[in-house]
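Coordinate-derived values only; no laboratory data. Worth saying up front: this structure is predicted, and the values here are computed from it rather than measured. When we count neighbours, we look across all protein chains shown, and the Cβ atoms used for this are built from the backbone with ideal geometry, even at glycine.
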């Protein structure tokens, strides 16, 4: 299936900003609703809050919901606009780029730790999720599944889907699009100590999109990249 021409993606910036707005508004709402409840709990011995893990993922879900809805209303639909049905080539390219993403993340991580071993705050958000879930539970399994499959879908719909097509619509060079979407991908995670590594991963994942011209390939790359964190989240929970 061929991608629509850039002229058919006039809606893509609206899709991108709708997803981004949904993300930040829902983050604000979730924070406001839960702030008073957890003012005094000890993170070393937290209450089991498994069901509330779903709230943590709501903003991420809305990242992809915005592009999907706008594409349905103003485009040809997300399946055609973003190429969501992966071909065998998408899978092969995605697996290769996902493996490259893991490699560059490891290299950058080692370099950063050697430079800032005494000052870097390397506490992972995955560790907090594991603590709040109360160990190995059905909620933790759902969280791990979302890290592996859900986040790659929603984040790729926003960055290598809507934003990529928006920039493509205005004839921005593909290499520039690759760099810009990787930057947005990195800053979206809001983990300052990982920004450089996330940018490098974003370039590797975005390479799959650039090679195939389809978002499904970057989703495969992203899922490949997230497999180890998902396994760590579930298997490493105490």
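List of remarks:
- Under the simplified labelling scheme, the residue 54-residue 91 pair shows an inter-label distance of 3.1 nm, with each label point 7 Å from Cα along Cα→Cβ.
- Most to least packed among 212-220, 199-207, 61-69 [average Cβ atoms within 10 Å]: 212-220, 199-207, 61-69
- Size of region 139-233 as Cα extents on the principal axes (Å, biggest first): 44, 27, 17
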